[in-house]
Amino acid sequence: MPLTFYNNGFEVSIADMPYENYLEYPVTDMYKGYEFINRVVTRGIYSKIWYKRSNITQAPFLSTNIKRNGIWFSFFKIVPTFLRKIVYHKRYWLSYQRYRNDSKFIDNYSELDFLSELFDVNAKGNTFTMLDNEATHEAILLQAPDFIPAEKVTQFDKGSFGKLKQYMAQKAMLLRFAKFIEYLKANNVYDNTRIIIVSDHGTTIQTNLFDKNPSERIPFLKESVTATILFKDFSATGSLKTDNTFMTNADTPALAFKSLVPQAKNPFTGNLFEITERGNKADFVKIAATADAESTRIRHNKTFSIKDSDWYTVKDNIFQDKNWNKLYE
C-alpha cells in the first residue's frame, strides 16, 4: 500500500509495522531503495513523557521479569537434557503473565493519546499514513468512564464486560481515536480525510451474537476470528452505521484505494486490490483457527504447516452457525 500510494503522488508515512521481515524488532534493511517512505518508530518513544504528564510511576515490568527469567534459565541449564522439556513448558515458562504488563500497554497507549501532537495538518499535497498499534494485545485494568491508566483502578463500567481487561483496552483505544477525530475537525481536515481502523482478529469474549458458540463442530469462539473494520469516507456525515456485508480485513487496501487510484495493484504481485463480488454459496474464507502459532524469532523451520483438522470455513452471514464448517470433513 505505501508504495502504490507513493507511485500515485502521495506523501507516505508508516509507523510500527507489525513483524517487519517477520521479526518483532524494527528492521531497516528491508527499506533500502525505498527511502521516500517516511518510516518512523513511535511505540514506547513517548512513554516517559506520558508518565510524567500523567503523574504516574512506571511499573517495573521488565526488570521484574528479567530477574524471574534469570532464575528459571538457571533451572533450565542445571537439569539433564532429557528433562529440559519439562522445565521449558509454556504453562510455567510463560507464567510471567501474572505480573503487571502496564508498561507494555503504556508503550502503545501513549502514542494513541498523543496522536493529535504527532500529526501535522499542513501538508501541501495528498498524504497516506499507516500506524500499527498493539494496545489491545497488552490489555490492563483501566479507570472508567474515560478508560485511562491509573495506579489503582476503582471505577468500572456496568454490565457483564465491565471488568474485562480486553473490553477496557478496546474502549480506551476508541476513545483516543475519538479525541484525535475531534482534533481533525478542529483543524478543518476531517472531511478531507479517509479513516480506516481495522483489526487483525477478534478476542475471546462471549458476546452471545453468534449461534451455537462454541460447539462440538466449531470448538472455538467465533468472536476470536471476527475482525473489525471501521470506515469513514471523505465528507461522510450522519450517525454511525453497521454494515454486515461479508468481508475480511484483507479488503482494507481496496477500501483505501477506492476512487483514489483506479485499478490499484500490488506492485510486487500485480494483483488488483479489489473486493470481489461475494454471495455465491460456493464462496468462503478459510480460517486456521486452532492451529499452533509459530515463533517470529529466527528459526530453522521456514514453513508453517497446518493440519487438515485445523482448517475451517465461513461465508455469508457470520452470525449463523450453519455458515461455519470444517474445510475437510
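The values are calculated or read from the model by the stated rules, or taken from the named source; none is laboratory data. Here the structure is a predicted model, which means the values were calculated and not measured. Using ideal geometry, Cβ is built from the backbone for each residue, glycine included, and neighbour counts are taken over all protein chains shown. These accessible areas exclude ligands, DNA and RNA; they are computed on the full protein's heavy atoms, side chains included. Shrake-Rupley method; radii C 1.70, N 1.55, O 1.52, S 1.80 Å.
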Could you check how many residues of the range 310-329 are of a type in the set (S, T, Y) and open to solvent by 60 Å² or more (accessible area, probe 1.4 Å)?
1
Listed by first then second residue, the pairs whose first member lies in the range 2-19 and is over 11 Å from L260 (Cα atoms), whose partner is surrounded by 14 or more Cβ atoms within 10 Å (Cβ to Cβ) and of a type in the set (D, E), with beta carbons under 6 Å and at least 6 positions apart or on separate chains, are D16/D132; M17/D132; P18/D132
Among the listed residues T242, T248, identify the single one that is surrounded by 12 or more Cβ atoms within 10 Å (Cβ to Cβ) and among the β-branched types (V, I, T).
T248
For the range 12-29, enumerate the residues that are modelled with pLDDT under 80 and not in a loop (DSSP other than H, G, I, E, B).
N21, Y22
Any residue that is over 30 Å from L327 (Cα atoms), among the β-branched types (V, I, T) and over 24 Å from the mean Cα position of the chain (by Cα) - is there at least one of those in the range 195-205?
no
For N188, indicate whether it is assigned to a loop (DSSP other than H, G, I, E, B) and at positive phi.
yes
Exactly one of A139, A186, A172, A144 is among the hydrophobic types (A, V, I, L, M, F, W, C), surrounded by fewer than 16 Cβ atoms within 10 Å (Cβ to Cβ) and either over 19 Å from the mean Cα position of the chain (by Cα) or closer than 16 Å to S199 by Cβ (or both), and that one is A186
Given the structure, is T129 at pLDDT 95 or above, under 23 Å from the mean Cα position of the chain (by Cα) and not in a loop (DSSP other than H, G, I, E, B)?
yes
Open to solvent by 60 Å² or more (accessible area, probe 1.4 Å) and of a type outside the set (A, V, I, L, M): is that true of K222 in this structure?
no
Can you tell which of F156, F177 is open to solvent by 70 Å² or more (accessible area, probe 1.4 Å), of a type in the set (F, W, Y) and at negative phi?
F156
Being at pLDDT 70 or above and not in a loop (DSSP other than H, G, I, E, B) is true for just one of S305, S309. Which residue is that?
S309
